[in-house]
Amino acid sequence: MQCHAQRQHATMFHLFHGTFQVSLERPVPRCSRVSQLVSNPVPGRPGIALVSFSQLATLCETVAPRYADQARFFSVRAGYGAAVAALQTHIDGGTVDVVLAAGSNGAYLRDNLSVPVVMVKVNGFDVLNAIAQAISLWPGESVGLVLHEAISKELAALGKYLRLDLRQRAYRSLDEVREAVDTLAAEGCTVIIGPGMACDLALRAGLHSVFLYSLGAVEEAFERSIELGRMSRQKESKRVRLNTIVAHLRDGVAAFDESGQVEVVNPAMLELLGLDRAQDVSGQLIRTLAPHVRDASVRDAGDSDSDTPASERIEQVGGRALIMNSLPIVEHGVRAGIVVTAQDALVAQRIDRSLRTSQRPRHLVARHKLADLTGTSAAIARVRRLAQASAAHDATLLLIGESGTGKELVAQGVHNASARRGNPFVAFNCAALPEGLIESELFGHEEGAFTGARRGGKPGLFEVAHTGTIFLDEVGEMPAALQSRLLRVLQEREVMKLGAGRATPIDVRVIAATHRDLRELVRQGTFRADLYFRLNLLQIALPALRERREDIPGLARELLVRSRSKYGLPAPSDGKNDARIVAFLQPLFASYAWPGNVRELENLVARAAIYLTDDAWSAQHDLREIFPEMFAEAGDAAVAGEVRSVTPDGEVRSVTPDDVRRALAAHGGNRAAASRALGIGRTTLWRLLKALPNP
């Protein structure tokens, strides 16, 4: 008696006008329990374990070299529990991606392994091929067919046409294979067709046997295994890549499946929650994050827009404030799990500060320092001293003073002398815009908050000034409706955008300025008393320029240098021109009221620097139109009997009535010639003449 797997021949036959070919090859030597059939594996090829302890193992080992360039193969000569034990280490190590097996052994492995198991499938042609071989080798013998899981009713009918006594038995386990072979032998079957185990049992019982699995079935299983292995390897590669990325995120990430079990958790999440990564933390993780998983579940059930995160929530975990988010995972329209993220609130604040600092416009910078407050008078020294003390604290500061006294310069100096230097300095004039625009500028708006709102919304100046200083100039002009909003910002340190649903916390130092008497406005009911007291925590009163006249010459010289730089004017080679300009303006320093304060002085100095160049000193007839301030003062002085003039050679001198008398005598009474010689206008000359005593 001889098994067909041990023969070396091919049988050709025709059945139902179809051709069936059986190729029997010499068996290869058996391998160790787990051995690699292909050496020197190429990285990236899937690993496939060939699991069988019967004749199927020999056939698989014969086919494997044909696919050596597509996969790495491992032969496992074991079954059931022994095969699982032998494979587990290789699966955990990532060397085995797919298992190829057959029958009840394959079904057992599929239930007990974490990798895909490809079954060698027996089709109708394989069965017919085996039956044809049995008929050819042992004509007239009773044939028993052992199939996995179920028998074929069609074959029972086919036996009548083939004049074949065919009996079938099904099996689901190794014991049932033995029982099926014993039963068929007891019923008189002398030829057993079945899997390798059935063939081995038949041989031991003295029966003939035909191996059921064909070469084509094994090759098809190999191809399916290779394709599945490639897909598995690609999926695993993506999973490893994703896990690597998630593991290096600073934010904590934890993913749960639909049943709420942990699928992925990165080290950052464990660290944020204070869990030990060396221990099994699944239970603790689930308990800690359960509220957020429920939040995402409720949101998914009640909101069709399930791809947006649930509302951010701040939670205290182990003494640390965490920003928690939860988001349903939707695959093919069906929720497949939930991902929860956690971020350290302190880290978020640092990032927010960094972004605001790096993205703020360049013009939001304070250019002036307290050292730029020019002057040695007691009044300006007091301002400098109070400003330096104010810079040491974040208290709200109110600057009061006439227009042009340098309130913004002081505000910038306080900012640059404070700990907020380097952060934004935002200046806003409360009298510059209509009420509706002021609200949008200061507090910002969301997209669609009103007609014409900027797409994507716009941050308000309070947000832009976060961690820095906001300077509210002319705060006394703020509309009454906005005073309450400003008061809330000062009280709560948070700002609500137009159209927003929640407030944004801000960290801003507020410096306000006004030229009006806020106390009087409070008495009149046009300015809120509570806002006034909020703004008037620290106060600095800036003196008018006429109150510190001793500082004016020094200011004029400094402003002259700035004007030359600002307007690109060439500096005089001998410095005399600057002295002439200062001497020309000297009469104004002591007597002019300076209603525009330092701003007016700056304008007058710039005007003199531009017009009173070396080539223009002789154009005396233009000076009255260029410097009306000078000649208004000169008219008053002429009544007192003395004026200042600029001679054609550039000299600045005083002109008295006696000088007029001598000039008239020298020019034969010609008033036009005398006024030109004196460097004064004819009207001024006439006024000086009136000051002469009557002869």
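The values are calculated or read from the model by the stated rules, or taken from the named source; none is laboratory data. Please read all numbers here as calculations on a predicted model, not as lab measurements. Virtual Cβ from ideal backbone geometry, glycine too; neighbours counted across all protein chains shown.
Any residue in region 554-580 that is farther than 18 Å from residue 601 by Cα and of a type in the set (Gly, Ala, Ser) sitting within a Cβ distance under 9 Å of a residue that is assigned to a helix (DSSP H, G or I) and at pLDDT below 85? List the pairs, counting only those 6 or more apart or interchain.
Matching pairs, first to second residue: 571/564; 571/577; 571/578.
Which residues, taken from region 519-540, are in contact with a Leu (Cβ under 8 Å, 6 or more places away or on another chain) and not hydroxyl-bearing (Ser, Thr, Tyr)?
Result: 527, 528, 530, 531, 534, 535, 536, 537, 538, 539, 540.
If you go through region 446-491 one residue at a time, how many are modelled with pLDDT of 85 or more, within 30 Å of the chain's Cα centre (by Cα) and at positive phi?
Count: 1.
Quick one: in region 413-434, of everything that is without any contact (Cβ under 8 Å) to a residue 60 or more places away in the chain and either of a type in the set (Lys, Arg) or in a loop (DSSP other than H, G, I, E, B) (or both), which residue is surrounded by the most Cβ atoms within 10 Å (Cβ to Cβ)?
430
When you go through 579, 500 one by one, which is the residue that is under 30 Å from residue 459 (Cα atoms) and not β-branched (Val, Ile, Thr)?
On inspection, the qualifying residue turns out to be 500.
Would you point out which residue out of 402, 408 is at pLDDT 90 or above, closer than 21 Å to residue 517 by Cα and in a helix (DSSP H, G or I)?
408
Determine if region 491-514 includes at least one residue that is in contact with a strand residue (DSSP E or B) (Cβ under 9 Å, 6 or more places away or on another chain), among the basic types (Lys, Arg), surrounded by 15 or more Cβ atoms within 10 Å (Cβ to Cβ) and farther than 24 Å from residue 412 by Cβ.
yes
Please determine whether any residue of region 77-97 is within 19 Å of residue 229 (Cα to Cα), charged (D, E, K, R) and in contact (Cβ under 8 Å) with a residue 40 or more places away in the chain.
Yes.
Against the condition modelled with pLDDT of 90 or more, surrounded by 14 or more Cβ atoms within 10 Å (Cβ to Cβ) and assigned to a helix (DSSP H, G or I), how does residue 522 come out, does it pass?
So residue 522 fits the description; yes.
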